[in-house]
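A short write-up of the structure that comes next.
The values are calculated or read from the model by the stated rules, or taken from the named source; none is laboratory data. Because the structure is a prediction, the values reported are computed rather than measured. FYI the Cβ positions are ideal-geometry reconstructions off the backbone, even for glycines, and counts take in every protein chain you see. Quick note on the areas: whole protein, heavy atoms, side chains included, nothing else; ligands and nucleic acids left out. Shrake-Rupley method; radii C 1.70, N 1.55, O 1.52, S 1.80 Å.
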Amino acid sequence: MKSPRVAILSGVGALNTYNLTLAKELNLPLVTNLNTIDKTSEFYLHYDNEGLSLYNSLEQTKSAVRVNFDSPALHRRSKDRLLRQNLIKATATKQKQKLDVLDAMSGLGNDAFLLARAGYHVTMLERNEIVFALLRDGLHRGSKGLPDTRDALTRMMLIKGDFLKKGGELGTFDVLYLDPMFPVKRGTARSKKSMHLLQQLLGQTEEDLGLLDFALSKARNRVVVKRAKHSPNCNNRHPQISFKGSTSRYDVYLVP
Ligand SMILES: C[S@@+](CC[C@H](N)C(=O)[O-])C[C@H]1O[C@@H](n2cnc3c(N)ncnc32)[C@H](O)[C@@H]1O
């Protein structure tokens, strides 16, 4: 999926090769001047010493979204009673410890990372090219990161594609995890900001009516759907189990 509203800001020296290559790969305009970007594109990507970042060109603060699997916040989450977090409780099955999970809408890979930290093997699917590029870069840098990050990343694999198309080629998984985009409140927390920017980039998409049935056909044990706390059920189907948190919930659909 191509976004015409995104440009790539070129850099200096050797690092610029990455920006040039990415502009070609994604077929996006390469721009040398930040002021020009403001007028032509709502968002821009830029690669520098810190990695690949996405910016909203219209925002004064120019806060960046980048995938950082070494981030202290993510590591805190992955240590803080990980097995008692709703994501892990919802995906855990009694039969097996080392689950094969398909995170069919992997976004910035935060949930995939937590699942991998819990010991699961996680295949990540992402259909948006910009998000895919951010995640691919994060995985690349993470593979040279902290020992815990490197260990988790050995269990994470990224594939580009739309779940409803590519999913058919992928066989079955113990657990299918779906986290479609849902409206995020304008929170001030840093983690929420990145999700907010992602939401601005991707916009709202209609939920495919066949999504849940297709996911169930690919799952050996269960499908877990993340929803905002008060969002309607996926495809209007009641889950068998639901793990509710303060802002979100994880609905579990068991394979019959
Ligand atoms: C809310 S984000 C996922 C956030 C993710 N769980 C995390 O922890 O960072 C939803 C992502 O799913 C992707 N997506 C939505 N529908 C998809 C589909 N049918 N196939 C693949 N990716 C999809 C969107 O492009 C977006 O990046």
Item to check | Cross-chain or 6+ apart pairs with Cβ under 6 Å, the stretch 14-42 first and within 16 Å of Val131 (Cα to Cα), then of a type outside the set (S, T, N, Q) and part of a helix (DSSP H, G or I) | outcome: Leu26/Glu129
Item to check | Pick from the stretch 164-176, criterion open to solvent by less than 40 Å² (accessible area, probe 1.4 Å) and farther than 17 Å from Asp111 by Cα, ranking: farthest from the ligand (Cβ to nearest atom) | outcome: Gly171
Checklist outcome for this item: Glu129 passes all but one of the listed conditions (1) surrounded by fewer than 21 Cβ atoms within 10 Å (Cβ to Cβ); (2) away from the ligand (no atom under 12 Å from the Cβ); the exception is number (2)
Checklist entry - When you scan the stretch 220-232, how many residues do you find that are open to solvent by 50 Å² or more (accessible area, probe 1.4 Å) and at pLDDT 95 or above? => result 1
Checklist outcome for this item: When restricted to Ser242, Ser217, the only residue assigned to a helix (DSSP H, G or I), over 21 Å from the mean Cα position of the chain (by Cα), surrounded by 12 or more Cβ atoms within 10 Å (Cβ to Cβ) and in the same structural domain as Lys98 (by TED's automatic domain parsing) is Ser217
Next on the checklist: Looking at the stretch 157-172, I want the residues that are in a loop (DSSP other than H, G, I, E, B) and have a partner that is near the ligand (Cβ under 8 Å from one of its atoms) with Cβ atoms under 7 Å, at least 6 apart or on another chain. Which pairs are those?
Outcome noted: Gly161/Leu125; Gly161/Arg127; Asp162/Arg127
Checklist entry - Got a sec? Which helices (runs of 4 or more DSSP H) wholly within the stretch 1-95 have at least 2 residues that are open to solvent by less than 30 Å² (accessible area, probe 1.4 Å)? => result 16-26, 72-79, 86-91
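This table checks each residue for (1) among the acidic types (Asp, Glu); (2) in a strand (DSSP E or B).
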| residue | (1), (2) |
| --- | --- |
| Leu197 | no, no |
| Gln204 | no, no |
| Lys226 | no, yes |
| Asn235 | no, no |
| His238 | no, no |
| Asp251 | yes, yes |
Checklist outcome for this item: Of the residues in the stretch 134-152, those that are among the aliphatic types (A, V, I, L, M), open to solvent by less than 20 Å² (accessible area, probe 1.4 Å) and under 22 Å from Leu99 (Cβ atoms) come to Leu135, Ala152
Next on the checklist: For Phe113, only one of the following conditions fails: (1) more than 30 Å from Glu169 (Cα to Cα); (2) within 11 Å of the ligand (Cβ to nearest atom). What is its number?
Outcome noted: (1)
Checklist outcome for this item: Those residues of the stretch 202-214 that are open to solvent by less than 40 Å² (accessible area, probe 1.4 Å) and either without any contact (Cβ under 8 Å) to a residue 24 or more places away in the chain or outside the structural domain of Thr91 (by TED's automatic domain parsing) (or both) come to a total of 1
Checklist entry - Got at least one residue in the stretch 101-122 being at pLDDT below 90, aliphatic (A, V, I, L, M), farther than 19 Å from Leu216 by Cα and assigned to a loop (DSSP other than H, G, I, E, B)? => result no
